[in-house]
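Please treat every number below as a calculation from the coordinates, not as lab data. Remember, predicted model here, so these are calculated numbers, not experimental data. All Cβ positions, glycine included, derive from the backbone under ideal geometry; neighbour counts span all protein chains shown.
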């Protein structure tokens, strides 16, 4: 299974960067076709927040969400949050707590995490899964 970071969904949904949009859509389509896509409630929460902040029509957000909900697993646990907090304090990087939680979720439910966010490079040492930065 492949866990996608929120930014992949954002780029697929909005016309901000044409190349990233095409790549994101193709990636999502491929993962869906191969039954490999996994998302978390955290990803979807960030997706809704970001699209709302960008003033994207709520009907578009709802339509996308109805699709993405089909690929959603459980959210993080109290233990995952405690472990993420420990990592962020140790690394002095608590502004990226959500990225750490994404890594924890991906580690539990997937074999790979894909993102456009270079900050995830710092998190590779905390997981055995592949983190691919596009």
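Brief remarks follow.
- Simple label model, 7 Å out from Cα along Cβ direction - residue 95 to residue 126, nm: 1.6
- Dimensions (Å) - region 2-133, Cα atoms, principal axes, largest first: 40, 31, 27
- If R0 equals 22 Å, the separation of the Cβ atoms of residue 19 and residue 55 corresponds to a calculated FRET efficiency of about 0.40.
- Annotation: the residues 3, 11, 76, sorted from fewest to most other C-beta atoms within 10 Å of their own C-beta, follow the order 76, 11, 3.
- In terms of the mean number of neighbouring beta-carbon atoms within 10 Å, the peptides 99-109, 19-29 order highest first as 99-109, 19-29.
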